[in-house]
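First up is the structure itself, then whatever we jot down about it.
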Amino acid sequence: MSTGEAEGARISSTAVRVTFGLDASHPGLRAVPSGLLARWGSRDSEDGGNVHRTRILFIVMSAIAAVILPSAAYASAADLHDCPDDYFCVWEEPNATGHFAKFQLGSSDLAKPINGHVFNDQISYVWNRTTSVWCVYRDSGYSGGSLRISVEWQGPLGPRYSFDNVVSSLRSCA
């Protein structure tokens, strides 16, 4: 649309190319194709086009935020404050950062994605904020060697416990 009428005002618009990219190789991010076109008009009216430009800018920024924000949430670093009371929480890094998941019932197979991330053999740090002892298992189906996690215990699973990046299932074992 190069010239037209909208709301009784004459619009002369120019295409503005908004480009951005995300690392498509990161498991939590989606690549957004560059070349999103927005129409930026100058409006022949008393307000000099400010209302129209503001409205268009709001629409474009809302569209960009709708695409980026939900994806970026998976990529953000989680910390200990993300673990609520009454949950058993796990992180993929030994310093309680990286991908994060919380459980109340456990999981018999951590090879199944949780929020788009597979935690099988990726757990390095845990925090038991429940009132029960929990067990983490080397194999799916609550089998293989296990490690008991006391109530309110938090810390890395290795090297002291030799369970770093080997957990395949977990549940309350009390």
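What follows draws every value from the coordinates through simple rules; no lab data is involved. As the structure is a prediction and not an experimental result, all values here were calculated from the model. Cβ sites come from the backbone with ideal geometry, for glycine too, and all protein chains shown count toward neighbours.
Collect residues whose amide H, placed 1.01 Å from N in the peptide plane, falls under 5 Å from the amide H of Gly158; neighbours closer than 5 in sequence don't count.
Phe163, Asp164
For the range 156-161, what does the Karplus curve 6.51 cos²θ - 1.76 cosθ + 1.60, with θ = phi - 60°, yield as ³J(HN,Hα) per residue in whole Hz, taken in order and with x for Gly and Pro?
Values, residue by residue: x, 8, x, x, 4, 9 Hz.
Got a sec to turn the phi values of the range 105-119 into Karplus ³J(HN,Hα) couplings, 6.51 cos²θ - 1.76 cosθ + 1.60 with θ = phi - 60°, whole Hz, x for Gly and Pro?
10, x, 8, 7, 8, 6, 6, 7, x, 10, 6, x, 10, 8, 9
Please go through the range 115-172 and write out the trypsin sites (Lys or Arg not before Pro) that DSSP classes as loop and that have at most 13 other C-beta atoms within 10 Å.
Passing sites in the range 115-172 are Arg160.
Starting from the amide H of Trp153, placed 1.01 Å from N in the peptide plane, find each other amide H under 5 Å away whose residue is 5 or more places distant or on another chain.
Asn128
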